[in-house]
Ligand SMILES: Cc1ncc(COP(=O)(O)O)c(C=O)c1O
C-alpha cells in the first residue's frame, strides 16, 4: 500500500501496540509531558485531582503513580505526592497549612535547612517559627498558641539523635487544633508507623533508603486523609512540583532491596556503635537503640528497628580540630551530606549557632553506614582514632 505520510511524520506517529504476553519482574518507565486524550469531552472534563486518569506530565504518569501508591501503601496513608527533593517535600509540608500571622512549632534538633525555610520563606510570609525541646513530650502543650497551625516532628532528630514522643506531641497538638507533620526520613516509614502514632503528614527524603544508591534526590509527602492530601496536592499542582519518571524508576528499582539494605545498615551500625562504646577516646554514643541516646525508651516503644545513621562524641580533651583530623584520616568513609546510600559517610558539625546549649560542641562525629564490609569500616575507623 502506498505510504501517505512522510517518514519524518512516521517517526512521530509509529504504529505500535503494547506487546501482549510480555511480563517482567520490573516495571517499565512511562515518560510524558503531553498526555493524549481520547476525545475533546475528556480533555474538557479533566482534573489533576482525579487519580483515575492522566492529564499532563506534571500530574504524573503510571511510573510516578506507581511509586506514590507504593509509599502510601507501606505508610498506611491516604495518598502521596512526590517532590524533586526531600527538602522540597519538607517545604510543601508547611506551605499549604500556614498563612500570614500563623505560628508553627519545630524541634530544636531539626534538619538544619528547615531553619533556612523558617528564616526565609516562612518569615517572609509572616509565619512565626518557634523551636521546642525534642524531649518535651506532652509538655509541648504549654507552647501551643491559638494560632499554632502545625507542629513539626523529626525523630530521631538530625545529628544529636534525640527521639521525640510522637504520640504525646500529637495528642497535645490535636487538642489545640494543630496538624502534626513528621520528617519520617530516618526510618523510611518502615520502622515507625507515623499515622498510627498520631501524625497527619509524613515526609520522606526518598533520596536516602528508598532510592538507596546515592544517585538522585527526591521527596514525598504522604497524607493521612483526603482533606490533608487535597491541600498538599493542590499546592503541588499550582506550583508544578513533579519528578522525572526516569528518576522515579530508579527509586522503584531501589524498593525491592530497601528492607535488606536497611537491615544490613542496622546490623553494621549497631555493631560499630557497640565497638565505639569500648573505645577510650569516645565519651558518648548517640544511637537510638543504645540506652545513652536521649529518648531511647521512646524509641523502644515506637520503633521496630534502627538504621545506619548515628553520632558519637569524643572525650572532652578532643576538640573540633581533633574531630576533623579523625574524619580526614578515613579512607572509606566519605565526607559529604546525606546518608542511606551505598557508601559510608562521616561528618562533624558546628552546633554553636543553632544548638548553643548542646554540651558537646565541636567533638561530635556523625556516621552514615553504607554497604561496605563491616570489618573494613572498623579498620578505617581505627585509622581515624590513630590520627587523634
Ligand atoms: C532528616 C532529613 N530530612 C530531609 C532531608 C532532605 O533530603 P534531600 O537531600 O533529598 O533534599 C535530609 C537530607 O539529608 C535529611 O537528613
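The values are calculated or read from the model by the stated rules, or taken from the named source; none is laboratory data. Bear in mind that the values here come from a model prediction, so they are computed numbers and not experimental data. Cβ placement follows ideal geometry from the backbone for every residue including glycine, while neighbour counts extend to all protein chains displayed.
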Does the range 58-78 include one or more residues that are assigned by TED's automatic domain parsing to the domain that holds residue 154 and at positive phi?
yes
If we keep only residues of the range 217-246 that are within 14 Å of the ligand (Cβ to nearest atom) and buried (at least 20 other Cβ atoms within 10 Å of the Cβ), then the residue farthest from residue 169 (Cα to Cα) is 243
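How many residues does the range 134-157 contain that are over 21 Å from residue 299 (Cα atoms), assigned to a loop (DSSP other than H, G, I, E, B) and under 26 Å from the mean Cα position of the chain (by Cα)? Even if it seems obvious, please write down each step before you answer.
At the first step, the residues of the range 134-157 found to be over 21 Å from residue 299 (Cα atoms) are 141-150.
If we keep only those that are assigned to a loop (DSSP other than H, G, I, E, B) as well, we get 144-147.
Among the residues that remain, those that are also under 26 Å from the mean Cα position of the chain (by Cα) are: 144.
Total meeting the criteria: 1.
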I'm told residue 213 meets every condition in (1) surrounded by fewer than 18 Cβ atoms within 10 Å (Cβ to Cβ); (2) within 15 Å of the ligand (Cβ to nearest atom); (3) in a strand (DSSP E or B) except one. Can you identify the failing condition by its number?
(3)
Could you run through the range 327-358 and say how many residues are over 23 Å from residue 157 (Cβ atoms) and either assigned to a helix (DSSP H, G or I) or away from the ligand (no atom under 16 Å from the Cβ) (or both)?
5
Please work out if residue 27 is surrounded by 14 or more Cβ atoms within 10 Å (Cβ to Cβ), away from the ligand (no atom under 16 Å from the Cβ) and outside the structural domain of residue 184 (by TED's automatic domain parsing).
yes
Cβ contacts < 7 Å: first residue on the phi > 0 side of the Ramachandran plot, restricted to the range 207-228; second residue assigned to a loop (DSSP other than H, G, I, E, B) and more than 14 Å from the ligand (Cβ to nearest atom), any location; separation 6+ or different chain. Result?
214/342; 214/343
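Quick check on the range 296-310: of everything there that is assigned to a strand (DSSP E or B) and crowded, with 24+ Cβ neighbours inside 10 Å, which residue is nearest to the ligand (Cβ to nearest atom)?
Step one: list which residues in the range 296-310 are assigned to a strand (DSSP E or B), which gives 303, 309-310.
With the extra rule that they be crowded, with 24+ Cβ neighbours inside 10 Å, the set shrinks to 309-310.
Numbers: 309: 8, 310: 13 Å.
Here the residue is 309.
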Identify the residue in the range 96-110 that is buried (at least 21 other Cβ atoms within 10 Å of the Cβ) and within 16 Å of the ligand (Cβ to nearest atom) and, among all such residues, is nearest to residue 230 (Cα to Cα).
106
